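The values are calculated or read from the model by the stated rules, or taken from the named source; none is laboratory data. No experiment lies behind these values; they were computed from the predicted model shown. We place every Cβ from the backbone using ideal geometry, glycine too, and count neighbours over all the protein chains shown.
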Amino acid sequence: MEDKLRIMVVDDEEQVRGVVCENLSACGFDVVYARDGQEALNMIDEGTHQPQIVITDIIMPRKEGLEVIMELRRRHPDIRLIAISGGGRTKSADFLHLAKKLGADAILPKPLDIDMLEKTVRELVA
């Protein structure tokens, strides 16, 4: 039997992180989380968690999502990246387009459509 797809959710908002993790777990994925970009990079670099996909918010303390995307692209180019953001009415689209230019495989605005998130995850590993 195949191992479950491991996903890391990186978001400083506990409620968003909880809902995303819960829903992805219900879809059958192995889900771990980090509260910010620095924690995520530490977990991956230390080898504690080796996700195939990282879903990262853009605006976070300590290390923002754009930095996470750039560092993961450089250090772990095999990890697939989904950027999410709700950074304001006009800023969200700008941040997400920049995330795409920096190496995100997919971008999704907040509030997240969980069905679209699941579809995006499955497409990235198809």
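Annotation: residue 52 fulfils all but one of (1) over 21 Å from residue 97 (Cα atoms); (2) in contact with a helix residue (DSSP H, G or I) (Cβ under 6 Å, 6 or more places away or on another chain); (3) of a type outside the set (D, E, K, R); the unmet one is (2). Applying the condition of being under 14 Å from the mean Cα position of the chain (by Cα) and not aliphatic (A, V, I, L, M) to the range 24-46 and asking which residue is surrounded by the most Cβ atoms within 10 Å (Cβ to Cβ) yields 37. Within the range 64-75, can one find any residue that is surrounded by 20 or more Cβ atoms within 10 Å (Cβ to Cβ) and in a strand (DSSP E or B)? No, every residue in the range 64-75 fails to be surrounded by 20 or more Cβ atoms within 10 Å (Cβ to Cβ) and in a strand (DSSP E or B). Looking only at residues of the range 79-97 that are assigned to a loop (DSSP other than H, G, I, E, B) and either basic (Lys, Arg) or modelled with pLDDT of 95 or more (or both), we find that the one that is farthest from residue 121 (Cα to Cα) is 89. Remark: pairs (first residue in the range 97-126, under 24 Å from residue 26 (Cα atoms); second residue modelled with pLDDT of 95 or more and small (Gly, Ala, Ser); Cβ separation under 7 Å; 6+ apart in sequence or on different chains) = 107/83; 107/99; 120/106; 124/106.
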